[in-house]
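One structure below.
Read the figures in this text as sums done on the coordinates, not as results from a lab. Here the structure is a predicted model, which means the values were calculated and not measured.
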Amino acid sequence: NAGVTQTPKFQVLKTGQSMTLQCAQDMNHEYMSWYRQDPGMGLRLIHYSVGAGITDQGEVPNGYNVSRSTTEDFPLRLLSAAPSQTSVYFCASSYSGGGADEQFFGPGTRLTVL
Amino acid sequence: GNSVTQMEGPVTLSEEAFLTINCTYTATGYPSLFWYVQYPGEGLQLLLKATKADDKGSNKGFEATYRKETTSFHLEKGSVQVSDSAVYFCALSDLASYDKVIFGPGTSLSVIP
């Protein structure tokens, strides 16, 4: 089991560029989510999905898009990068998203927007 | 809405010292409570959890008890090691909030020999 994988590990963008952060899991988890981690603010939920074809917004969704065409993959798209999106991004998955389920995290993508 | 508050860090302790990291929460329903740990350069991983009042979660010498009356879930360890140096996140998950997990800001712990 690879668990949750994320690519790339590091990325530098210029303001206005677009890109996609990839996330995949091989545990057949229904629930997947994207967080951003900023100093002093912990993790903030960007978007989440409770199953293939179903997505919803989290706490800080502006500037990001997601889709979930398969159970395994949950890419995060930055439409027009801004310096405020400089952050570390984590993808996570859990079996059902139910209240007691453990979340499994990927290793993160460190993004810098110039 | 739901929220989690943690003690501010960073916390620096000597090896074998006693550790307490305070965590309090606000929730409208009956949340499950978690402690996650993030080692340098890695993603978060579950340390322990408790799903109902008075439950005690434990793992790797760490413990936390779900206290509904004080809305708290403080993390403790009797004797820390250098390898415990990491960032610790308190979190809650409440079915009433569409299963979204809410994280605290994290507490950085450094253990010195």
In units of 2.2 N^0.38 Å, what is the alpha-carbon radius of gyration of chain A? 0.99
B:LYS77: which aspartates and glutamates have alpha carbons under 12 Å from its alpha carbon, excluding same-chain residues fewer than 8 sequence positions away? B:GLU15, B:GLU16, B:GLU63
In terms of Cα to Cα distance under 27 Å, which lysines are near enough to B:LYS100, apart from those fewer than 8 places away along the same chain? A:LYS9, B:LYS49, B:LYS52, B:LYS56, B:LYS60, B:LYS68
Identify which of A:ALA24, A:ALA100, A:ALA82 has the largest mean-square fluctuation in a Gaussian network model of chain A, with springs joining Cα atoms closer than 10 Å. A:ALA100
With the Cα gyration tensor of the protein assembly as shown in hand, convert its eigenvalues to equivalent ellipsoid semi-axes via √(5λ) and list them largest first in whole Å. 29, 21, 15
